[in-house]
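The structure under discussion appears below in the form of structure tokens.
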Amino acid sequence: MPFPPPSRPPSGPRRRSLFLSAAGAVLLAGCSSAPDTGGTGGSPSAADRARTRAARDSADLLVRYDAVITAHPPLAERLRPLRAEVVRHVAAFGGTGKKTPAPSGPASASPSPSAPVVPTDEKAALAELAAAERALADARTETLTAVPGELARLLASVAAAGAAHVYLLTEGEA
């Protein structure tokens, strides 16, 4: 025997639609592009300094990716998606970074003096890249309490992405 239909339809929104609406509102509020201002009257706020440093750190990491790809072309396919994420991180923090595509082979010119030294062994090169990602993710995590909400959320998100990069770079070692 089937259950009879309810005597009246439930009034108001259902729990599921309320939950989805609340989740959407949180995502929209957390993803605005307006910069945090510290109201310091012309001098850079702590948030501005942290954002500038984060952009610079991501740009430095991008240089590391480029150096490893140049030194070890067989790793280019594996590193290309991770490098693309780092480019997005530079942009998210307001940096400019390199807009050139990832190198696909050995460079014809000698490396610049600021280019990182890459180990000749691919596994060691990946380990160093993973260590750089890990150190940067840890530093960003430590910075979270010193910056305002929006920037803290961005730093947390990029730190989590960095931790995922560490996993992807070290996958298969065990």
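Taken together, the values in this text are just the output of simple stated rules run on the coordinates, not laboratory data. Computed from a predicted model, the values in this text were never measured in an experiment.
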Inset, instruction - State the extension gain, in nm to one decimal, for the chain segment bounded by A131 and Y167, taking 0.36 nm per residue of separation less the distance between their alpha-carbons. - result: 11.9 nm
Legend entry - Spherically averaged projected area in nm², based on the convex hull that wraps the Cα atoms of the range 110-164: 5.0
